[in-house]
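Data block below; observations after.
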Amino acid sequence: MQGRITDHGGNDMDILSAVVEILLAEGKPLHYKEITRLAIERGYWSKKGKAPESILNSEIALELRRHGKRSRFQRVGPGIYGLREWGIEEYSH
């Protein structure tokens, strides 16, 4: 089940929707730790919990496993994610 966070209007939204908003605002791929930091800093994350970075990384990884090329995200480096719509070359290890 996806984690829930709060948007700027105090409304519930899923973590991945916040990731999309953050990536769009930054305009470039980011490491999941930076995405987490920005989510907390910008008030998207309503509670930090014990391992917010791990939770966020797991949510993105799960989306990629479930949806593959149809996912909103793509991995562009180790722990670095961008939006598929940007057309950046996909990372393969």
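The values are calculated or read from the model by the stated rules, or taken from the named source; none is laboratory data. Keep in mind it's a predicted model, so treat the numbers as computed, not measured. Note that each Cβ is placed from the backbone with ideal geometry, even for glycine, and that neighbours are counted across all protein chains shown. The area values use the complete protein model at the heavy-atom level, side chains included, leaving out ligands, DNA and RNA. Shrake-Rupley method; radii C 1.70, N 1.55, O 1.52, S 1.80 Å.
Assorted remarks:
- Test: residue in region 72-93 that is open to solvent by less than 40 Å² (accessible area, probe 1.4 Å), of a type in the set (S, T, N, Q) and closer than 15 Å to Asp14 by Cβ: no
- Strands (runs of 3 or more DSSP E) within region 2-93 that include 1 or more residues basic (Lys, Arg) and modelled with pLDDT under 95: 4-6
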